[in-house]
Amino acid sequence: YQLSLPAALAGSRDGQGLGLLIPRVGVRYRVLFNGQELAESCWYRGEGYCDAGTHVHAVRLPSALMAPRWDDNRVDIEVRGQDLRISGLAPVLVGPWDAVQQRHRWLDWWQVDLTWMVAASAFMIGLLSMLLWLRTADRLFGLLAGGMLVLTVRLWLSTPVFVPGSFAVWDYVHKLSFTWYCGFLYLFISELFDFRQGFVRRLVVAMMAIGPIWLAVLEWTVNYQLYRFWTGVIVAVCVAALVAVIHRARWGMNVN
């Protein structure tokens with residue numbers, strides 16, 4: 001992607017210079033300003049799991065690298081895509097570095113720091129639930145432990161981490177953890193509130209059992225449409241469960 005700087009910012013040559021805010025770019029990228037590389041993410045790393053699109057990026061455009069003529073300034077953003085991941089460049093923002101940096105801090109806290117906090121909380125809840133399940137053999141704690149632990153894996157792979165190894169394997173784990181999280185979450189809620197939805201429960205269990213096979217075929221064929229279809233299946237199962245709950249509460253005469 002080749003970008004030119006807005007003419008309205010032509011007077012911003014002094015001080016700290018301009019900043020480039022990239023809300024989303026995936027999955028590997030690097031930024032060059034007038035031929036000088038300023039930033040990169042996983043560009044020079046080898047095979048492994050990496051997705052720069054999980055968080056926002058801020059790149060400073062130093063005044064020292066500005067061309068004498070404003071129209072000669074060029075920003076090149078090179079992007080490497082990845083099968084089964086959304087690749088490309090979202091609209092970028094250009095402005096004074098201080099303003100860009102402040103916006104970046106807020107978005108980075110929301111997208112990265114908060115995700116790590118939720119992941120840590122999910123892991124702690126899952127670990128404690130597993131210990132309670134081992135001591136009491138209560139099915140409710142086992143379901144909660146399973147849901148929280150797979151959610152921890154999902155959140156961990158949704159942060160800016162680089163994991164060596166096959167990308168397909170980690171992408172498979174990333175997608176499967178979401179399927180199992182949805183399944184465990186429903187089974188936990190069903191057990192907690194005693195829904196007694198035999199058909200929906202069997203549907204959820206079947207979804208959790210078919211998920212590993214379906215997603216393995218997805219990784220093998222590298223067909224993203226299969227994932228779109230599978231996401232639709234998950235949504236359909238969730239809607240069916242919700243409709244069954246509402247029906248039982250409204251017409252099943254269950255005051256609880």
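Screening W170, W220, W156, W214 for residues that are over 30 Å from W43 (Cα atoms), open to solvent by 40 Å² or more (accessible area, probe 1.4 Å) and among the aromatic types (F, W, Y) leaves exactly one candidate, W214. Taking the conditions (1) modelled with pLDDT of 95 or more; (2) in contact with a strand residue (DSSP E or B) (Cβ under 6 Å, 6 or more places away or on another chain) in turn, P164 satisfies each one other than (1). Does W116 fit the bill of being open to solvent by 30 Å² or more (accessible area, probe 1.4 Å) and modelled with pLDDT under 95? The answer is no for W116.
Across region 47-61, the qualifying residues are those that are at pLDDT 90 or above and assigned to a loop (DSSP other than H, G, I, E, B), and the one among them that is surrounded by the most Cβ atoms within 10 Å (Cβ to Cβ) is D51. Taking region 124-159 as the range and being out of contact with any Asp or Glu (no Cβ under 9 Å at 6 or more places or on another chain) and part of a loop (DSSP other than H, G, I, E, B) as the test, the residues that pass are A137, D138, T159. Scanning region 210-249 for residues that are among the aliphatic types (A, V, I, L, M) and either within 17 Å of D83 (Cβ to Cβ) or in contact with a strand residue (DSSP E or B) (Cβ under 8 Å, 6 or more places away or on another chain) (or both) yields L215, A216, V217, L218, V222, L226.
Hey, does region 10-17 have a residue that's more than 17 Å from V161 (Cβ to Cβ) and of a type in the set (K, R)? Yes, the conditions are met somewhere in region 10-17.
Scanning region 176-188 for residues being open to solvent by less than 60 Å² (accessible area, probe 1.4 Å) and without any contact (Cβ under 8 Å) to a residue 40 or more places away in the chain gives a total of 4. Would you check if Y44 is out of contact with any Leu (no Cβ under 6 Å at 6 or more places or on another chain), outside any strand (DSSP E or B) and either of a type in the set (S, T, Y) or at pLDDT 90 or above (or both)? For Y44, the condition - out of contact with any Leu (no Cβ under 6 Å at 6 or more places or on another chain), outside any strand (DSSP E or B) and either of a type in the set (S, T, Y) or at pLDDT 90 or above (or both) - is met.
Of the residues making up region 160-215, those that are part of a helix (DSSP H, G or I) and in contact with a helix residue (DSSP H, G or I) (Cβ under 7 Å, 6 or more places away or on another chain) number 32. Taking into account only those residues within region 64-81 that are open to solvent by 30 Å² or more (accessible area, probe 1.4 Å) and of a type in the set (G, A, S), which is modelled with the lowest pLDDT? Among them, the one singled out is A64. Only one of the numbered conditions (1) open to solvent by less than 50 Å² (accessible area, probe 1.4 Å); (2) farther than 17 Å from A90 by Cα is not met by Q36, and that is (1). If I filter region 82-113 down to residues being aliphatic (A, V, I, L, M), out of contact with any Pro (no Cβ under 7 Å at 6 or more places or on another chain) and assigned to a helix (DSSP H, G or I), which single residue comes out as surrounded by the most Cβ atoms within 10 Å (Cβ to Cβ)? Among residues in region 82-113 that are aliphatic (A, V, I, L, M), out of contact with any Pro (no Cβ under 7 Å at 6 or more places or on another chain) and assigned to a helix (DSSP H, G or I), the one surrounded by the most Cβ atoms within 10 Å (Cβ to Cβ) is V100.
The values are calculated or read from the model by the stated rules, or taken from the named source; none is laboratory data. The shown structure was predicted, so the numbers you read here are calculated from the model rather than taken from an experiment. Glycine gets a Cβ as well: all are built from the backbone with ideal geometry, and neighbour counts include every protein chain shown. SASA here: full protein model, heavy atoms, side chains in, ligands and nucleic acids out. Shrake-Rupley method; radii C 1.70, N 1.55, O 1.52, S 1.80 Å.
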